[in-house]
1. What is the number of the single condition among (1) under 16 Å from the mean Cα position of the chain (by Cα); (2) surrounded by 14 or more Cβ atoms within 10 Å (Cβ to Cβ) that P260 does not meet?
2. Out of the helices (runs of 4 or more DSSP H) lying entirely within the range 102-166, which hold 3 or more residues that are more than 23 Å from the chain's Cα centre (by Cα) and crowded, with 24+ Cβ neighbours inside 10 Å?
3. Quick one: L113 ticks every box in (1) within 28 Å of L217 (Cα to Cα); (2) aliphatic (A, V, I, L, M); (3) touching a residue at least 12 places away in the same chain (Cβ under 8 Å) except a single one, so which number is it?
4. Would you please list the contacts, defined by Cβ atoms under 6 Å and residues six or more apart or on different chains, that run from a residue in the range 334-351 that is assigned to a strand (DSSP E or B) and modelled with pLDDT under 55 to a residue that is surrounded by 13 or more Cβ atoms within 10 Å (Cβ to Cβ) and among the small types (G, A, S)?
5. For residues in the range 191-205 being buried (at least 18 other Cβ atoms within 10 Å of the Cβ) and touching a residue at least 24 places away in the same chain (Cβ under 8 Å), which is farthest from L232 (Cα to Cα)?
6. Among (1) within 30 Å of L339 (Cα to Cα); (2) of a type in the set (F, W, Y); (3) modelled with pLDDT under 85, there is one condition F305 misses while meeting the rest; what is its number?
7. Residue check, R313 against (1) touching a Gly at 6+ places or on another chain (Cβ under 7 Å); (2) at pLDDT 50 or above; (3) surrounded by fewer than 15 Cβ atoms within 10 Å (Cβ to Cβ), all met but one. Which one?
8. Hey, can you tell me all the residues within the range 236-257 that are farther than 24 Å from G336 by Cα and surrounded by 14 or more Cβ atoms within 10 Å (Cβ to Cβ)?
Amino acid sequence: MSRPARIALIVALALAAAAPSAAGQPAENPPESVPGDDPSTAEAGAASDDASADASADDSDSASADGAGTAPSAAPPPTPDQPRPWAEGVSATAQERARTLHEEANDLMLEYLLDEAMDKYREALTHWQHPAIHYNLARALDSLGRPLEAYAHLQEARRYGAAPFESYEYPQLQNFRRNLERKLSIIEVECLEAGAEITIDGRLLFVGPGRTEQVLLPGEHILVASKPGEALMTRTLALERGTRTTLALATRQRWRPWQPWAVVAAGAAAGAIGGVVQWRATVNMDRYRGQFAELCETGCREEEFPSLAQRRRRAESQNRVGVAALSVGGAVALTGIVLVIANQSRSFRVDLGRRDDLSLAPLVSPTLAGAAFAVRF
């Protein structure tokens with residue numbers, strides 16, 4: 001046998017030996033991440049599609065949960081004897097319809113038909129408010145550049161914690177949440193003023209006293225605190241991506257409204273008494289001088305007329321008391337006015353804090369184990 005023939009025979013035998021092994025292995029072609037997702041947080045939708053199909057034979061819960069492809073969770077799906085609050089009041093027919101729409105939406109996500117997928121997810125939610133459907137809709141909305149709407153649905157997806165998801169999925173959901181929050185701004189508002197209406201961009205947040213947390217798009221927003229007939233505060237906030245802003249509007253009065261006015265009244269009363277005493281001192285001094293001039297036309301000493309000396313001493317004493325009362329009354333009244341103003345003052349505090357510059361999230365799936373971290377500069 002010639003050398004080329006021997007080489008051809010060896011290659012043929014090698015290929016024949018490898019063929020059974022290749023035939024026993026199904027081809028793996030994991031789909032790409034959905035556009036707009038972080039590859040560390042999103043699995044391909046096709047994998048979740050297969051998982052949904054498998055789950056439909058077992059439990060409608062896991063079927064709906066797996067359709068997201070990236071619906072993360074840190075706990076296994078509930079067994080039939082465990083409570084399933086997300087399925088309460090939802091008929092089997094509605095669950096099946098939601099599952100079908102869910103799978104169709106996943107297929108559309110694989111084809112990058114994001115608008116169509118979003119519509120399918122929304123339709124599925126009309127039949128069943130399953131957390132996984134909310135999560136997948138959040139991913140679609142984020143891919144469409146609508147992070148604020150995505151965050152709202154993500155919060156719905158987290159309502160029941162990890163229970164509706166596979167054990168490897170919930171950490172991915174949490175990582176997706178962190179990445180989504182870096183595109184948004186979080187604002188915490190607190191107001192202690194009873195009856196104060198707190199609005200942002202014209203939308204009522206709450207009526208004080210109260211506290212709330214809102215997620216907003218980065219940019220300028222107008223915060224207003226007001227009461228009927230009174231504007232307490234208006235402020236323009238320039239919010240940045242990935243920041244948390246804390247606003248405390250402390251409008252509680254330090255004292256009861258009548259207390260500072262009582263101080264003013266006390267000061268005015270003291271001043272009035274001092275004025276009366278001062279007037280009496282002036283009258284007595286004028287009488288003293290008149291009598292002294294009348295009795296001592298040719299000159300004399302005051303000691304010769306004890307009544308005159310007593311009137312002078314009385315006038316001088318009244319003058320001292322009057323001046324002191326006027327001084328104290330004026331000071332007390334002024335203090336009362338300051339207290340009135342202070343009791344109407346509002347203190348406003350703004351604390352701007354950027355989120356942690358370093359984030360670490362586990363990545364666990366049936367075919368992957370590891371961790372992802374992100375650093376902000």
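1. (1)
2. Qualifying helices (runs of 4 or more DSSP H): 114-127, 131-143.
3. (3)
4. Listed pairs, sorted by first residue: S347/A250; R349/A248.
5. Per the stated criteria, the residue is I200.
6. (1)
7. Here R313 meets the rest and fails (1).
8. Correct list: L237, L239, R241, G242, T243, R244, T245, T246, L247, A248, L249.
The values are calculated or read from the model by the stated rules, or taken from the named source; none is laboratory data. Remember, it's a predicted structure, so these values are computed and weren't measured experimentally. So basically every Cβ, Gly included, is an ideal-geometry build from the backbone, and we count neighbours across all protein chains shown.
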